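Have a look at the structure below, then the notes.
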Amino acid sequence: MLEPSGREPAVQNHGTEPTHGGRDEGKEKKQKKSSIAKASNAENSSQSLSALQVFSIHMICGLGLAIALWMAHNLYSINVISDPSCTLRLIWVSLSLSLDFVVLFFLYEFVCSPSSDCRESNRHTSLQLVSTQSSTVLVLESCGRGILALPVGALVNALGAIVLGAPVGIEYLPKTINWSLLMSSFMFVPAASVFGSSSSHWQRIFAHTKPNESLEYMICIPAHGALIGAWFGAWPMPLDWERPWQDWPICVTYGAITGYLVAMVVSLGFALVHGGRQHLKRD
Amino acid sequence: MTSTTTSFTKFTFFTVAALVFQITGLSLFVFGFFPVKPALSGVSGWESFFAPGCHSVENQSQTQMEMGLSPYELKSLYQDLSLIPPLFDRLILMVIDGLPAEFVLGKDGQPPRKDLMDAMPYTHSLLSSGMAIGYHAKAAPPTVTMPRLKAMVSGAIGGFLDVAFNFNTQALLDDNLLGQFLRIGWKMVMLGDETWLKLFPGLFVRHDGVSSFFVKDTVQVDKNVSRHLENELSRDDWNLLVLHYLGLDHVGHIGGRSSSLMGPKLLEMDEVVKMIHLSTIQTHDNDRGRTLLVVVSDHGMTESGNHGGSSYEETDSLALFIGLKNQVSISHYASATHNSILQVDIAPTLALLYGVPIPKNNVGVLISGTFDCLTDHQQLRALELNSWQLYRLVEAQLPGLSCGDFSCSGFIDDLGSGSGECSGSMEKILRCLFMNAANLHNSWKYKKETGFESREDYRSTVTAYHEFLKTASEWLSRRVTDKPVPLLAFGVVAMALSCLIFLGLITCMSREVYTGEKQHLSGSSNSKIRWCLDEAFILGVVLILVMSMGSSSMVEEEQYIWNFVISTLYLLLLRKAVQSHSGRSGSALFLKAQNKRSDFQLCAIFLLLISGRILRGWHQGGVNWTHLPDISKWLEQAGSNLIRSIQLTSGLLMMGLGLFALFLFVTNTKLVRVVALFFLISGFLVLWHIMEYQDNEFVSSDYHATLLAQIIYATLGVGTIGFVVALPWLMPIQISSTYSKHKINSSTLVSVDIQYKFPLLEFRDSSYLIGLAYMLCWCLLQLLLQQPINSMPIFLLLMQIFTSMLYYSSSGPQNKEWLEVALLYYVGMAGHFALGNSNTLATIDVAGAFIGLSSHSTLLSGILMFIITYTSPMLVLLSMVMYISVKDTSYLAIPQSVDLEQFLKMMLGFPCLVPLGLNSILLTAYTVVLLLMRNHLFVWSVFSPKYLYVCTTTVCIYIGVFVVAATEIYIYMVIAFRSKIQVSISNGIL
């Protein structure tokens, strides 16, 4: 019926001063975006991350997962079934570290250098000419946002899981917390470090599922993959097979990890297709 | 009216046709699938003492011959033929309703708990001294009294529909032990549960039936049995004394297995055993004959004291033989308590012990330990008789079995050593096993005559017989009957047809509505794409449900699915609400309004999610994880005071919510006040009943409580009907004023529409009030009937429905109507499980079904049971009346010049068709699943009870939809009539 994203420019051109957003960047973003958004959009699409970059970023995340699982198996000799809480903790810590690594190095190198373009730099177009030092600050800040988003997203995930029927009880508490932290690092940490608190981006990615370019695809698809995987992962739980992995949150975790991995492949595919199309366009 | 729209009459016609198809199909299927009597006709006579296969021709003459014999002659004839001297002359059958064998014999080789041991000292002394031998007798589901009694006396596993007849007991016409006893002239006395009198009318010379009606009475019901006991034991004019004690079952229903009343009740039962044992069995009184006491229970009970399902706790019933003079003295306590048999084994054992023919449809096998005092020859004879009987039964089901394979004079030793491997088809295996046993027996007999018999031969013969008996018994009990394929096929086809008609109607309807909508909201053409996700999901839910029905554990744990599905749906709606939230706080009025609306929607959905989770956590439910903690267990541990205060709180909250909803409706305060007053009065009556009578659970069958409950029934019933009848007449219609106002303000084109649209406001108001009255009365009734622990879930359900209503009223055309109705339906099903129901028959609340009944009435208690079990689906269906008034459908009515009937169709279409359609899909799918699963191990324990639930849900939907449709049509007609009169009056004045 109503299409907020379609209406967006019209409303902003209406000339209303943004009233919210405590931080300066927020204001700046609003103002700049309204004026530059359209102009930079055409450029945007042609200058998003290349397939190789997408591949390496996903590779690092996958490596983070793999290292966590390897450490759990070989160093601590635990797995998700024998000690869900510890293993989950290991996984989410490792994953968030690798995500931070991604933000620190890749976003620094590709995203925030003046020549490159992504959501981050797009939002700070005015800062494009600012020295690399301040962009380091920006990257550190986005790392901080990611770390901040971890517990907040975990809270959202935990509430969602409980509403969907996850057991409530003291003995389940550590499992639920660790699981939701893992889900948060799948879903919210990347988005938070890139988008910050820009609600329209969040709305577009998570409510409308309308990512625009490869970085957004990279955030959106794995997040949704993990979510859908976890949703499907819950189905074997009521079956009476009496297997240890049917307990909360083991099979849900399996589902989430599987969904995440599949979605990373899909996202890579998107990047390839997208990139190919762009090359065609450019030609 | 455009050509695409179908008229109201046509719609109604198709709906009714689909309903008729469905009902026909369902009844055909039910009667085809659940055989009422999977039985051989006739009664076993003296031909059962001859080998099968050779007397088929003479059967008729034999039965005629038997007719002429006096009972005494028949008895001696049986004795001569059976070659086994009866071990006993008299039988005392003591049935302790609902006693789990675990209480007496322990579990897994462990003796029972200390307190239970102490509660039955005499029985345990009998067991340990070898005077008694006990068995875990596995009962077949459904573990309800009447089918179990039938199984015990006839040895047959009855059809599943016996449960349905449990409240309308009918005489047992099959061949059974009591009938056999009657034929040999026994005099029988029955004291206890009157089910026996209904099963065997006119059979007992003396009887004192007690009713299982007063579930909360645990003392008097057994005193009424025991008071005759001394007298009866001193008399010698009876051969069979049946004692059926109901108290223990009642204790279970009230307080569960670990009720504080359990110990005293067991002690009481032990006293009865002691009394019987001391007075009749131990005193070897020769002129009265030898007496055997058999203590049995018909079924066990779950931890919470219910029964009906097939869990170990429920099927673990007791069979205790006291007075068998075992030569091999079983002094070892453990060996007297470990054995496990089937409940149907009791029938052939008793028949053989008393020298009567084994009932014709028996599938049981004689219990070997009970024949230890017979000679080898007699024991083999007993096995042979049992084998013959089973062989006859198998023969009747497998016609290929007979064909004169053996002659009458004796068995030809055509299988050589007689120990050949048996393989191939079932017929071959059974025949082979039977021939093996018969041959071994013959050779043993021959050797015995010649004096060369060895222990080894005897043992191998016994083993061979047991092998045959076991195989045949298993095969027979598995294969209850052949299914009449054409009947089933026709039933399924009819149901599928009706399902297709419903779906077609819904599609047709939504296409009409959708085109109308598009005309109205022609601005946003891409709206269809945006709505895809939740609509696709709601259709996916149907698919998920259909698929989950094929898995037995998903059927057992259905509550998880419903909760998961509705929570996911709410989350999707949440996503949608966020979508429409514009994210920025624009100053534009339109934006502001929209943001406000979506904020409100977000709040509503959060409330729905949270209350849904609490409802889910209230009862753990299901079968496999019932032991896990949940809110109801936690509250029950906290004590009855807390529960009662919660009950009162939720009653008050419910009334507050009702009043709030009433005064949201502000059009006519006078009418609202009347409704509110009525509602308050009946609410306080219910609260009074709770305060006064519900705390002491043992005396609540007294007169005043019943009277008060009846008053409440009458108030609620009369009030609701009164409102429905009167409200549309009393609702003021301001036609003339509004009409003229509109005439001034708008063009003539609109005013033509207005004439049709006119009653709309009044129609909505009446619907709203009547729907509210329905829901509130229903909830108050449930507050009275449901278990105290369920009062809070009922309030939460009511709140969920109100919140959904508010949400829907704000959503406008954002959600399609069918989506909302389907969501409401799902909420109803989730609520059904949240109230502690499950897909086993054990969770049906029997105790509540007798509140307010002063005399036993199968029909009334059945209705109350239905009301209690289907609280939530019915509440949701009743809320459809309110939904119709709440949902803003004005955008539907504007574009076309709406015909009156068309208007009614638009109003009623989805709220009636969607539940019917969803239910028809589920019903048809489940019917197919049941057909596919007919050979599944759990077909009788999991799938069939679920099917009964599905059928009853169908009935519930019929009733609910009928109420909705009738109410709306009535309101509509009254309002239309009145507006017509008013218009004509005002025209006359003008």
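Before moving on, here are some points about what is shown:
- Every residue from the range B:615-632 that is assigned to a helix (DSSP H, G or I) and either more than 8 Å from chain A (Cβ to nearest Cβ) or within 16 Å of B:GLY309 (Cβ to Cβ) (or both): B:LEU615, B:TRP618, B:ILE631, B:SER632
- When the criteria are applied in full, B:LEU74 fails the requirement of being closer than 15 Å to B:LEU182 by Cα, in contact with a strand residue (DSSP E or B) (Cβ under 6 Å, 6 or more places away or on another chain), aliphatic (A, V, I, L, M) and at pLDDT 80 or above.
- Pairs with Cβ under 6 Å, 6+ apart, first in the range B:675-693 and crowded, with 18+ Cβ neighbours inside 10 Å, second among the hydroxyl-bearing types (Ser, Thr, Tyr): B:SER682/B:THR715; B:TYR693/B:SER700
- Picking from residues in the range B:153-199 that are of a type in the set (Ser, Thr, Tyr) and modelled with pLDDT of 70 or more, the one that is farthest from the chain's Cα centre (by Cα) is B:SER154.
- B:LEU659 being part of a helix (DSSP H, G or I), away from every other protein chain (no Cβ under 14 Å) and out of contact with any Phe, Trp or Tyr (no Cβ under 6 Å at 6 or more places or on another chain): yes
- Scanning the range A:193-219 for residues being at negative phi and within 14 Å of chain B (Cβ to nearest Cβ) gives a total of 14.
- There is at least one residue in the range B:215-225 that is touching a residue at least 40 places away in the same chain (Cβ under 8 Å), touching an Asp or Glu at 6+ places or on another chain (Cβ under 8 Å) and either more than 20 Å from B:VAL295 (Cβ to Cβ) or not in a strand (DSSP E or B) (or both).
- Restricted to the range B:803-820, and to residues there that are surrounded by fewer than 24 Cβ atoms within 10 Å (Cβ to Cβ) and aliphatic (A, V, I, L, M), the residue that is farthest from B:LYS905 (Cα to Cα) is B:LEU806.
- Pair list, Cβ < 8 Å and 6+ apart or interchain, from the range A:253-276 residues that are at negative phi to residues that are not in a helix (DSSP H, G or I): A:THR253/A:VAL80; A:TYR254/A:VAL80; A:GLY255/A:ALA234; A:ALA271/A:LEU49; A:ALA271/A:SER50; A:HIS274/A:SER48; A:HIS274/A:GLU213; A:GLY275/A:SER50
- Taken over the range B:546-564, the residue count meeting the criterion of being surrounded by fewer than 22 Cβ atoms within 10 Å (Cβ to Cβ), more than 7 Å from chain A (Cβ to nearest Cβ) and in contact with a helix residue (DSSP H, G or I) (Cβ under 6 Å, 6 or more places away or on another chain) is 4.
- In the range A:220-250, the residues that are part of a helix (DSSP H, G or I), within 13 Å of chain B (Cβ to nearest Cβ) and either buried (at least 22 other Cβ atoms within 10 Å of the Cβ) or within 13 Å of the chain's Cα centre (by Cα) (or both): A:HIS224, A:LEU227, A:ALA230
- Being farther than 21 Å from A:TRP235 by Cα and within 14 Å of chain B (Cβ to nearest Cβ) is not true of A:GLU141.
- Qualifying residues in the range A:145-192 (those that are free of Cβ contacts under 8 Å to residues at least 40 places away in the same chain, of a type outside the set (Val, Ile, Thr) and surrounded by 19 or more Cβ atoms within 10 Å (Cβ to Cβ)) - the one nearest to the other protein chains (Cβ to nearest Cβ): A:GLY160
- Remark: B:GLN782 falls outside the filter, which requires a residue to be within 14 Å of chain A (Cβ to nearest Cβ), modelled with pLDDT of 90 or more and either surrounded by 24 or more Cβ atoms within 10 Å (Cβ to Cβ) or under 24 Å from B:GLY683 (Cα atoms) (or both).
- Some residue of the range B:504-517 being assigned to a helix (DSSP H, G or I), among the aromatic types (Phe, Trp, Tyr), farther than 30 Å from B:LEU383 by Cβ and modelled with pLDDT of 85 or more: no
- Of all the criteria given as (1) facing chain A (nearest Cβ under 7 Å); (2) surrounded by fewer than 19 Cβ atoms within 10 Å (Cβ to Cβ); (3) not in a loop (DSSP other than H, G, I, E, B), the one not satisfied by B:ALA593 is (1).
- Scan the range B:362-387 for residues that are closer than 23 Å to B:ASN176 by Cβ, at pLDDT 85 or above and more than 36 Å from the chain's Cα centre (by Cα) and the total you get is 5.
Residues are listed down the side, and each one gets a yes or a no for (1) hydroxyl-bearing (Ser, Thr, Tyr); (2) in contact with a His (Cβ under 9 Å, 6 or more places away or on another chain); (3) within 24 Å of B:SER387 (Cα to Cα); (4) part of a helix (DSSP H, G or I):
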{"site": "B:LEU116", "(1), (2), (3), (4)": "no, no, no, yes"}
{"site": "B:SER125", "(1), (2), (3), (4)": "yes, no, no, yes"}
{"site": "B:GLY130", "(1), (2), (3), (4)": "no, yes, no, no"}
{"site": "B:HIS136", "(1), (2), (3), (4)": "no, yes, yes, no"}
{"site": "B:THR143", "(1), (2), (3), (4)": "yes, yes, no, no"}
{"site": "B:MET146", "(1), (2), (3), (4)": "no, no, no, yes"}
{"site": "B:LEU149", "(1), (2), (3), (4)": "no, yes, yes, yes"}
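- The set of residues from the range B:457-476 being surrounded by fewer than 16 Cβ atoms within 10 Å (Cβ to Cβ) and touching a residue at least 40 places away in the same chain (Cβ under 8 Å) comprises just one member, B:LYS470.
- Here the condition is being under 24 Å from the mean Cα position of the chain (by Cα) and at pLDDT 65 or above; of B:PHE50, B:PHE14, B:PHE31, it holds for B:PHE31 alone.
- So B:VAL541, is it surrounded by 17 or more Cβ atoms within 10 Å (Cβ to Cβ) and within 10 Å of another protein chain (Cβ to nearest Cβ): no
- Residue selected from the range B:704-725 under the condition loosely packed, with under 15 Cβ neighbours inside 10 Å and over 31 Å from the mean Cα position of the chain (by Cα), by the criterion nearest to B:LEU864 (Cα to Cα): B:GLY722
- Any hit, the range B:579-588, residues being more than 9 Å from chain A (Cβ to nearest Cβ) and in a helix (DSSP H, G or I): no
The values are calculated or read from the model by the stated rules, or taken from the named source; none is laboratory data. This one's a predicted model, so the numbers in the text were calculated from it and none came from an experiment. Positions of Cβ are generated from backbone atoms using ideal geometry, with glycine treated the same way; all protein chains shown enter the neighbour counts.
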